[in-house]
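Beneath this line is the structure, given in structure tokens, with notes to follow.
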Amino acid sequence: MTAVESRPSGVLGTSPGHRPFGARAKAFVALTKPRIIELLLITTVPVMFLAEEGVPSLWLVFATCFGGYLSAGGANALNMYIDRDIDALMDRTAQRPLVTGMVSPRECLVFGITLGVVSTLWFGFLVNWLSAALALGALLFYVVVYTMLLKRRTTQNIVWGGIAGCMPVLIGWSSVRDEVSWAAVILFLVIFFWTPPHYWPLSMKVKDDYARVGVPMLPVVAGNKAVARQIVLYSWVMVAVSLLLTPLGYTGWFYTAVALAAGGWWLWEAHALHARAKAGVTGAKLKEMRLFHWSITYVSLLFVAVAVDPFLR
């Protein structure tokens, strides 16, 4: 008996009569995890402006964003297919379409593979084949390396699995230039070092969920003090890397000002979280979600600055 079978699949059941078309359509959209994809697009479009050193072709922006949505959506659907056993046991994922029975595992698998194939062809024929290869690589890395190999085996799952979330930066640049430059690599590294301190605060909040299903997220196997220390270390590296664009000549004063201000506030929040954890604060008073929410604001501000900066130089 699997973990999924150990808990009811949901009140909706799996019979067609209990799955109205509108709810089914919403369920398939939910498989793509739209809120996560919004964040991926935030890191894609501004890089296109930087690569173009101005306004890129609006058609190219649309083609890149739509292809990125299809690719990331396919990866997310396949992630839900693989993780359907633990999703059924975690409170934060208990309403996902496979758990409720609104979408069957077979439908999810076919849907995810189809999106992956279509997105690769879309990129190849309408953008360029380098972007297609990068998008396909991101999908395979997220599904195979992160979901299947790392997530349930190591506390470094988010660190290395986060590489998939860095790929939209390279895709955005390559869609304009049909190559990858140091500017794209630096922004890739910013997202790489951003991902752990972005996700670990959320993991601290829901660590009981992960512990229940045996997923060794860092907060499950280490104390809050140790996790907060890692958050501070990654945060300092992230901010330092974000400042490399200007001395290398890719950005000017505006980006630098935003990177310094936003990065400084991030470090303040990271150190404050560490201080609370070091003092033994737990529960709601730990306020770990402050950094999680700020992390989304930070990356949005930074990449908006990436897009605006070419017009101010």
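The values are calculated or read from the model by the stated rules, or taken from the named source; none is laboratory data. The structure displayed is predicted, hence computed values, not measured ones. So basically every Cβ, Gly included, is an ideal-geometry build from the backbone, and we count neighbours across all protein chains shown. Remember, those area values only see protein heavy atoms, side chains included, never the ligands or the DNA or RNA. Shrake-Rupley method; radii C 1.70, N 1.55, O 1.52, S 1.80 Å.
Applying the selection to the stretch 98-135, what residues are open to solvent by less than 30 Å² (accessible area, probe 1.4 Å) and small (Gly, Ala, Ser)?
Result: GLY101, GLY112, GLY116, SER119, GLY124, SER131, ALA132, ALA135.
Of the conditions (1) free of Cβ contacts under 8 Å to residues at least 40 places away in the same chain; (2) open to solvent by 10 Å² or more (accessible area, probe 1.4 Å); (3) of a type outside the set (Gly, Ala, Ser), ILE37 satisfies every one except a single condition; which number is it?
In the conditions (1) free of Cβ contacts under 8 Å to residues at least 40 places away in the same chain; (2) open to solvent by 10 Å² or more (accessible area, probe 1.4 Å); (3) of a type outside the set (Gly, Ala, Ser), ILE37 misses (2) alone.
Test LEU273 against the stated conditions and say whether it is of a type in the set (A, V, I, L, M), open to solvent by less than 40 Å² (accessible area, probe 1.4 Å) and in contact with an Asp or Glu (Cβ under 8 Å, 6 or more places away or on another chain).
It is true that LEU273 is of a type in the set (A, V, I, L, M), open to solvent by less than 40 Å² (accessible area, probe 1.4 Å) and in contact with an Asp or Glu (Cβ under 8 Å, 6 or more places away or on another chain).
Identify all residues within the stretch 260-270 that are of a type outside the set (A, V, I, L, M, F, W, C) and crowded, with 20+ Cβ neighbours inside 10 Å; write none if there are none.
GLY263, GLU269
Quick one: which of ARG24, ARG35, ARG84 is closer than 12 Å to PRO97 by Cα, at pLDDT below 95 and out of contact with any Asp or Glu (no Cβ under 8 Å at 6 or more places or on another chain)?
Details: ARG35 fails: closer than 12 Å to PRO97 by Cα; ARG84 fails: at pLDDT below 95.
Criteria check complete, one pass: ARG24.
Would you check which residues across the stretch 55-97 are open to solvent by 20 Å² or more (accessible area, probe 1.4 Å) and touching a Cys at 6+ places or on another chain (Cβ under 6 Å) and list them?
Result: TYR81, single match.
How do the pairs read when you match residues in the stretch 151-168 that are farther than 16 Å from PRO197 by Cβ with residues anywhere that are open to solvent by 20 Å² or more (accessible area, probe 1.4 Å) and part of a loop (DSSP other than H, G, I, E, B), using Cβ under 9 Å and keeping only pairs 6 or more apart or on different chains?
LYS151/PRO216; ARG152/GLY214; ARG152/PRO216; ARG153/PRO216; THR154/PRO216
Hey, any hits in the stretch 147-170 for a residue that's open to solvent by less than 50 Å² (accessible area, probe 1.4 Å) and basic (Lys, Arg)?
Filtering the stretch 147-170 for residues open to solvent by less than 50 Å² (accessible area, probe 1.4 Å) gives 147, 150-151, 154-155, 157-159, 161-170.
The next check asks that each one be basic (Lys, Arg); those that pass are 151.
Yes: one or more hits.
Quick check on the stretch 281-300: of everything there that is within 19 Å of the chain's Cα centre (by Cα), surrounded by fewer than 19 Cβ atoms within 10 Å (Cβ to Cβ) and aliphatic (A, V, I, L, M), which residue is nearest to PHE192 (Cα to Cα)?
So the residue we want is ILE296.
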